[in-house]
1. May I ask you to say which residue of A:217, A:205, A:196 is within 34 Å of the chain's Cα centre (by Cα) and at pLDDT 90 or above?
2. Is it the case that residue A:189 is free of Cβ contacts under 8 Å to residues at least 12 places away in the same chain and assigned by TED's automatic domain parsing to the domain that holds residue A:85?
3. Look at the stretch A:403-448 and say how many of its residues are closer than 27 Å to residue A:50 by Cα, modelled with pLDDT of 85 or more and part of a helix (DSSP H, G or I).
4. Just to be sure I understand, how many residues within the stretch B:66-108 are within 14 Å of another protein chain (Cβ to nearest Cβ), in contact with a Lys or Arg (Cβ under 9 Å, 6 or more places away or on another chain) and either outside any strand (DSSP E or B) or among the aliphatic types (A, V, I, L, M) (or both)?
5. Only residues in the stretch A:1-19 that are touching a residue at least 12 places away in the same chain (Cβ under 8 Å) count as the first member; pair them with residues that are exposed (fewer than 11 other Cβ atoms within 10 Å of the Cβ), Cβ under 9 angstrom, at least 6 apart or cross-chain, and list the lot.
6. Just one of (1) within 13 Å of chain A (Cβ to nearest Cβ); (2) at pLDDT below 90; (3) buried (at least 18 other Cβ atoms within 10 Å of the Cβ); (4) touching a Ser or Thr at 6+ places or on another chain (Cβ under 9 Å) trips up residue B:164, so point out which.
7. Across the stretch B:210-234, what is the total count of residues that are part of a loop (DSSP other than H, G, I, E, B), within 13 Å of chain A (Cβ to nearest Cβ) and of a type outside the set (A, V, I, L, M)?
Amino acid sequence: MVVRRIALRNLNRQKRRSILLGGALAFGIMVLMMVNGVVGGILKSIELNFSNIAVGHIFFAEVEKNEKGRIIYSIKDDAFLMDTIKKLGIEPTYIARRTMAQGTLVANGESLSRGLSGVEWKQETELAKNLDLVSGSLKDIAGTQGIVISINQAEKLNLIPKKEPDATVKSAWSKLPKAEKEAKQAAWDAAREAALKTSIGETVLVELQTVHGQQNLGEFQVKAIYQAQYDFYAYMDRAYLNKLTDLPENGYNQFGMFLKNYSDIDKTTARLFDVLKTRYNMVPMDKVNGRGFDTIVNDLKKESFSGSKFIITNLNNEIANIKSIFSAVQMVAFAFFMLLLLVIMVGITNTFRIVVFERTREIGTMRALGMQRKEVRNVFLWEALFLSIIGTLGGFVLSGILLAILGAIKWNVMAEMNFFLNKGHLMITINPMVMILTLALVAGLTLLAALIPARRAAKMEPALALRTSY
Amino acid sequence: MKKFVFPLILLLAATSAFAETPDWNRILTHIDDMTNFNDNDFSSEITVVTAKPGEDNTVIQARYFRRDKAKQMVIVILKPDVQKGQAYLQQDDDLWFYDPESRKFAFSSMKDRFSDSGAQNSDFSSVQLHVDYSVESSGEDKLGKFDVWTVMLRAKDKSVAVPGLKLWIRKDNDLVLKQEQYSLSNRLLRTLAIPSYQTVSGHFFPVMMLEVDNVKVGEKTQITFKDVSIAKLPDSVYSKSYLERVNQ
C-alpha cells in the first residue's frame, strides 16, 4: 500500500513529465479507438443496410439453365427448407419470399433503372409497416398493378418537383427581396406537397425482361411514395411481377431470412448446408464462401449441368470484399498504434532511467529506512502501471467524446455514401473486449519498458546511493 | 341464273384471296437470306446518334464485324474518346462487354442498350425470322410509294428477345421497310424504319435505320452503316484476346 502511495505521489510530483508521457499514450489509444470505432460502425452500417437491401442475412436460391443456357432463378418448393429451419431450431426474425427483377421505370418522358421487388403483401406485413410512407397507402395494394416508389424515384420521373429548385431558379430568386424569396420557396414547397398527393394514381411504365430474356412492359399505378436513405427498389405485387417476368403466379426467386444475431450467420449457413445437401444438388460451400452471389452464378454459367442447382449463402459472403478493405484499414491503424507505442516505450525507458538517476539519494534513504529491494523496484513499476492506466483511460475518454460528436453529426453526403451511414449518422461501435485488451497491452508494455530502470534502482547499494550527490 | 351468281362471287373472292395470300415461309426465309451473311464475313463502320428530349445528342462511332455462320459478332467503339476501346463480343448465344479500363469482360445481353445509346445490341445481330417467329396475321398496305405486305409475327420460343414483330415488307423485293416491336404484354416498344438499303454481293444491308422509342417518348436513334465490306477476316478477330490486343 505504501509502495503504491509513493508511486502515485511521484507521478503527481512530476506533473509535466507525467502529463507528457500519459498524453502520448492517450493520443495513440485515441487514434486506435477512433479508427476501430468508426470502421466498426461503418461495417455495422454496411451489414444493416445491405441486409435491408438484399432482404435477409441468409439467402437460398434455386438456379437452372434453359435450353439456350440462360440462368433462370425460380424457387419451386421451399417445404424442405422450411422443415430444415424448424428441425435445426433456427428462429428467423423475418422471412421474405420475393420476386426480384431489374427494370426501367418510365413516366413523363423520364426513365431510371431500378430493382423491382415483387412482394406478397399479405405475408409481408412487416415490410408494409416499416416502409416510411409520405403519400398514399398500401391498404389495397395486394393483387393490383400498384407500385410503391421512393421520393427520389418520384422526383426523377418528374412526378413531383425536386425538394430544391435548380441552380438557375435559385439564382433568379436570390435577386428578389427576402419576403418575395420566402414566398417563392413556400409556393415551391406547397406545390411539392400537393404533387405528392396528386401523383398517387399516376401511371408508371416498367420495361423489363422475362426470366427467359423476352422484352416486356408493365403498366403500374403509383399507390404510395416512401422515403428511405437508399432507394434501390420499387415495390409491387408479386403475382403481377411474376406475370410480367413469366414466373408461376405463386412463384418467387429469392428467399431471404433474417436472424436474431448477425454473428450466427456463418454457423447457421453451414448447418443448413449440411442438411440441404442430403436432398438438393447444392453448390459446394468452398465455391460459395467469400464470394458474392453474382460470382457464384457466373461460375455456374460456365458449368454444364441439368436440372436445378441450389445455393445457400449469406451476407458475409456478399460483403466479403468490402469487409476485407475495412479490415486492412484496421490493420494499418493497429500497425500505426504499435509503432507509436514503441516510440512511447523507448521514451518511458529513457524517462525512468533519468528518474532513477535523479532519485538516487531518495532511493538510498528509502533503502536506509528499511525498504526492501523488491519494494524499491515495485515503486517504479507501480508508477509505470499508473501512468499506463491513466494514459489509456484518458485515450478512452478522449476517443469516446470525439466519437460521440462524430456520431451526433448528421452528414450531408452523396446518396451513395449513405450506404456507410445509418440514417445519415455515423454508427459508432465500441468493443469492450478491444478496450480490455488495449489496456492490458499498454500496461504490459509500459511495465516492460520500466522494468530495466526499476531493477537498476532496486540493485542500488544504500550507502553508495546516500553518498551520491548530483 | 341468280342461283349461279352468289357461288360465282364466292369462288372469285376465294380465288383472289388465295392469289393474294403470300407464302410467308418463303418471304421470311428470303428476308433472312438477303440480310444475313452466312457465306462471308461482314464489316462496316457504324455511327449511332441518339436524341433524348432536353439533352444533347450523343454520337458513338464503332467498327462492326459479323460472321453469321458462326453466330459471331464484334463491335469496337472508336468514339467518343472516353469510351474508346469498349467492345462487344458475341459468340453463339453469349454476349460479353469489354471495358479496357478494368480490362474485364462482363456478361451482357442482346436486349441491353448498346453503350447507353437508344440502340439495342440486338439491332446489330443477325436475324432468323423464319426460325424464331410464326405468322399471326397479315394484310396489305401502302408505305410511301411502295406496296407492302404487313405481317404480325409472334415468337415461337420464350428466349426470343422481341416477343412480337410487325413488319412492313415491300411486295416487289421482300425488303423490310418498317418494323414495330411489341412486348410480351403486347405493348408497342419501338418502331424502326429502314428507308434505304445498300447491296453487298447480293445481300442487302440498311444504309440507315431510324428508331423511335415508343415507351420513352421523344427518344430517337439513327444508325448509319458505311464502308461496308465482305472481305474475309481472320478468325482471331472474334476473340477476347483480339479485344484486349486492340486496346494495347
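The values are calculated or read from the model by the stated rules, or taken from the named source; none is laboratory data. Everything quoted here is computed from the prediction, not taken from an experiment. Cβ coordinates were reconstructed from backbone atoms using ideal geometry, including for glycine residues, and neighbour counts include every protein chain displayed.
1. Numbers: A:217 fails: within 34 Å of the chain's Cα centre (by Cα); A:205 fails: within 34 Å of the chain's Cα centre (by Cα).
It is A:196.
2. Considered against the rule, which asks whether it is free of Cβ contacts under 8 Å to residues at least 12 places away in the same chain and assigned by TED's automatic domain parsing to the domain that holds residue A:85, residue A:189 comes out as yes.
3. Result for the stretch A:403-448: 9.
4. Residues meeting the conditions: 2.
5. If the second residue must be exposed (fewer than 11 other Cβ atoms within 10 Å of the Cβ), the pairs left are A:18/A:12.
6. (2)
7. Here the count works out to 4.
One line per residue, one yes/no per condition, for (1) small (Gly, Ala, Ser); (2) farther than 30 Å from residue A:104 by Cα; (3) at pLDDT 90 or above; (4) surrounded by fewer than 21 Cβ atoms within 10 Å (Cβ to Cβ):
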| position | (1), (2), (3), (4) |
| --- | --- |
| A:233 | no, no, yes, no |
| A:242 | no, no, yes, no |
| A:280 | no, yes, yes, yes |
| A:315 | no, no, yes, no |
| A:326 | no, yes, no, yes |
